[in-house]
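So the structure is just underneath, and the comments pick up after that.
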Amino acid sequence: MTNAIAAITFAAFLLLSFTGQVDNAAILGGFIPARVEDPGLFAGVLAVPVWLTPLSCTLIHAGWLHIGFNLLMLVFCGRQIEQVLQKGAVLVLYIAGAYGAALLQWAIEPASPNPMVGASGAISAILATYALLYGQRAVKRIGPFSANFLRVIWLAAGWIILQLMIGLASARGGLGDLGQIAIAAHIGGFLIGLVLTRPLLRWRFGKGPKPVS
């Protein structure tokens, strides 16, 4: 499943790049927060329906560095996850992560007309599951809080802080548009992955195995 997602994404990138349609695709298929409350924003234009743009935007990348880094993380982490969970779990994480990324990006700046493109938000969900499955740092229970809950909290806090630091280093606008990086989308996708990991383990193994060390 990971290889199929990567192949489709790369094929879309090559098609858009070689035809010079990246900018047009970003407008017509990228996730634009302002379209959520105004679906008719592109009335009369053959644009992707707004409810599908969280997925269509994952097929649009700005350049070779953008697509290269995303596919590297997708293939490496996705294939590791497939060794523990069923292949369908990667697809579930990817789709849910894409929508979670778009949701938080919209929540931070709902009126933004700037298109969000790239698969980083969806891949962030896969990164979160990878971190939970393969993280080696032991966490002990504290009071009523289970070790698993604390691992999720620590990973979420660490990822959010990292993303905010990256965003602040290149900030030129408000919180929803830190430089050209969709920081909120990265955080939204990662949080989705953290939330879905345990249910996916139960789906695959019942009570689920201990994280791989």
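Here are the numbers for the structure shown:
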| quantity | calculated |
| --- | --- |
| Qualifying positions in segment 15-42 - more than 24 Å from Leu103 (Cβ to Cβ) and among the hydrophobic types (A, V, I, L, M, F, W, C) | Leu15, Leu16, Phe18, Val22 |
| Output for segment 1-45, where each listed residue is at positive phi and of a type in the set (Phe, Trp, Tyr) | none |
| Qualifying residues in segment 122-142 (those that are modelled with pLDDT under 90 and touching a Pro at 6+ places or on another chain (Cβ under 9 Å)) - the one nearest to Val84 (Cα to Cα) | Leu133 |
| Condition broken by Ala111, with the remaining ones in (1) among the aliphatic types (A, V, I, L, M); (2) surrounded by fewer than 24 Cβ atoms within 10 Å (Cβ to Cβ); (3) part of a helix (DSSP H, G or I) satisfied | (3) |
| Flag for Ile192 being of a type outside the set (Asp, Glu), under 16 Å from Ala128 (Cβ atoms) and either in a helix (DSSP H, G or I) or modelled with pLDDT of 55 or more (or both) | yes |
| Any hit, segment 36-54, residues being more than 20 Å from the chain's Cα centre (by Cα), more than 14 Å from Ser120 (Cα to Cα) and aromatic (Phe, Trp, Tyr) | yes |
| Val50 being closer than 30 Å to Gly206 by Cβ, out of contact with any strand residue (DSSP E or B) (no Cβ under 6 Å at 6 or more places or on another chain) and β-branched (Val, Ile, Thr) | no |
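Listed here are the residues, each with its yes/no results for (1) β-branched (Val, Ile, Thr); (2) in contact (Cβ under 8 Å) with a residue 60 or more places away in the chain; (3) on the phi > 0 side of the Ramachandran plot.
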| residue | (1), (2), (3) |
| --- | --- |
| Ala47 | no, no, no |
| Cys57 | no, yes, no |
| Val75 | yes, yes, no |
| Pro110 | no, yes, no |
| Gly118 | no, yes, yes |
| Thr129 | yes, yes, no |
| Leu133 | no, yes, no |
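The values are calculated or read from the model by the stated rules, or taken from the named source; none is laboratory data. In this text, all values refer to a predicted model and were calculated from it rather than measured experimentally. Positions of Cβ are generated from backbone atoms using ideal geometry, with glycine treated the same way; all protein chains shown enter the neighbour counts.
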